[in-house]
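First comes the structure, then the notes that go with it.
The values are calculated or read from the model by the stated rules, or taken from the named source; none is laboratory data. Keep in mind that what you see is a predicted model, and the values were worked out from it rather than measured. All Cβ positions, glycine included, derive from the backbone under ideal geometry; neighbour counts span all protein chains shown.
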Amino acid sequence: MTVEALVKDWFKKWEEGDFFDLPLAAQFKHTSPFGTIEGKENYLSIVEENRDKFLGYQFKILDTIYEGNKACIRYKGIQGDFELDVSEWHYVKDDLISEIIAYYHIGEIREERALK
């Protein structure tokens with residue numbers, strides 16, 4: 001399976017709520033502003049315990065770059081009236097996603113960091 005096909009499958013499965021069948025390697029690693037989760041089973045367990053925060057999204061893909069065994073995806077995740085702008089790097093090994101590094105803002109901007 002190509003990297004592009006894996007990425008499309010990833011987003012399709014999330015939209016369908018089929019997270020147990022995500023194309024993840026056993027040693028999958030996910031890094032986000034919340035920290036790093038190591039291991040497919042650990043990742044799926046966290047998703048299952050926090051379904052309300054992970055499921056029910058629709059995704060608007062804005063940009064993609066596919067090269068070799070990696071992809072960069074910029075998208076908008078929409079869950080009801082909540083929207084989140086995200087950029088992710090997906091890394092593939094042996095036809096499975098082995099790592100994702102996600103970039104997004106998760107909170108209010110501190111006053112001293114705000115633009116004037």
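The table for this structure:
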read-out: Yes/no for GLY39 being of a type outside the set (Phe, Trp, Tyr), surrounded by 12 or more Cβ atoms within 10 Å (Cβ to Cβ) and on the phi > 0 side of the Ramachandran plot; value: yes
read-out: Residue pairs meeting the criteria (Cβ under 6 Å; at least 6 apart or on separate chains; first on the phi > 0 side of the Ramachandran plot, in segment 5-17; second of a type outside the set (Gly, Ala, Ser) and surrounded by fewer than 19 Cβ atoms within 10 Å (Cβ to Cβ)); value: GLY17/LEU55
read-out: Any hit, segment 29-42, residues being part of a strand (DSSP E or B), under 15 Å from the mean Cα position of the chain (by Cα), aliphatic (A, V, I, L, M) and within 16 Å of GLU4 (Cβ to Cβ); value: no
read-out: Residues of segment 52-87 satisfying the condition of being within 19 Å of SER98 (Cα to Cα) and more than 13 Å from the chain's Cα centre (by Cα); value: THR64, ILE65, TYR66, GLU67, GLY68, ASN69, LYS70
read-out: For VAL47: the one exception among (1) part of a strand (DSSP E or B); (2) of a type outside the set (Phe, Trp, Tyr); (3) within 13 Å of the chain's Cα centre (by Cα); value: (1)
read-out: Members of segment 92-109 found to be more than 19 Å from PHE34 (Cβ to Cβ) and of a type outside the set (Val, Ile, Thr), listed by number; value: LYS93, ASP94, ASP95, LEU96, SER98
read-out: Those residues of segment 58-91 which are modelled with pLDDT under 95 and polar (S, T, N, Q), in sequence order; value: GLN79
read-out: Single residue of LEU24, LEU55, LEU84 found to be surrounded by 13 or more Cβ atoms within 10 Å (Cβ to Cβ) and in contact (Cβ under 8 Å) with a residue 60 or more places away in the chain; value: LEU24
read-out: Counted residues, segment 58-81 - those being outside any strand (DSSP E or B) and either β-branched (Val, Ile, Thr) or without any contact (Cβ under 8 Å) to a residue 12 or more places away in the chain (or both); value: 1
